[in-house]
Amino acid sequence: MIRMRHADNDSKEMCDINVTPFIDVVLVLLIIFMITAPLTTVKIPVTLPYSSSKNMKQPNHPVYLTLKTDHTLTLNDKTISLKDINSTINIATNGNKEEHIFLYADTKIDYGSFIMVMDQLRAAGYHKISLVNLQNKQ
């Protein structure tokens, strides 16, 4: 007759958890992150794609701010300077900080100039800034 042994019958129970597979998995993940982290910060020049999203509903009196290739700013149809952007935008929006500002920028504008305009708008209290782009031709 064959007797089966159960854990209840054993005088010595196994109470240890084997953490070796867990440590192996953690080390593999650590190596993967160490390899991929520097690759995510590489600066590669790219041409940004067109957008295929639907146009959003525009307000009755939209505020258009355009940054041209010669770094001049135009608010709707009026040319303004960067230092006067706060007061001019306040007049155009009647002081409404919740107004959407539609920002156009030429593709040849450098990123730094674009960010300077965005910073001026944020400093003036306008956080609803819509970036205008071309729609994808499908």
Quiz item: So for the pair Lys83, Val19, with labels modelled 7 Å out along Cα→Cβ, what separation do we get in nm?
Solution: 6.4
Quiz item: Based on the Cβ-Cβ distance of Met116 and Asn96, what FRET efficiency does E = 1/(1 + (r/R0)^6) give at R0 = 25 Å, to the nearest 0.05?
Solution: 0.60
Quiz item: Tell me, what is the 1.4 Å probe accessible area of Val19, in Å² to the nearest 10?
Solution: 70
Self-check item: Under 15 Å, Cβ to Cβ, from Lys108 - net charge with Lys/Arg +1 and Asp/Glu -1
Solution: -2
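The values are calculated or read from the model by the stated rules, or taken from the named source; none is laboratory data. On a predicted model such as this, the values are computed, not experimentally measured, just so you know. Glycine gets a Cβ as well: all are built from the backbone with ideal geometry, and neighbour counts include every protein chain shown. For accessibility, only protein heavy atoms count, side chains too; no ligands or nucleic acids. Shrake-Rupley method; radii C 1.70, N 1.55, O 1.52, S 1.80 Å.
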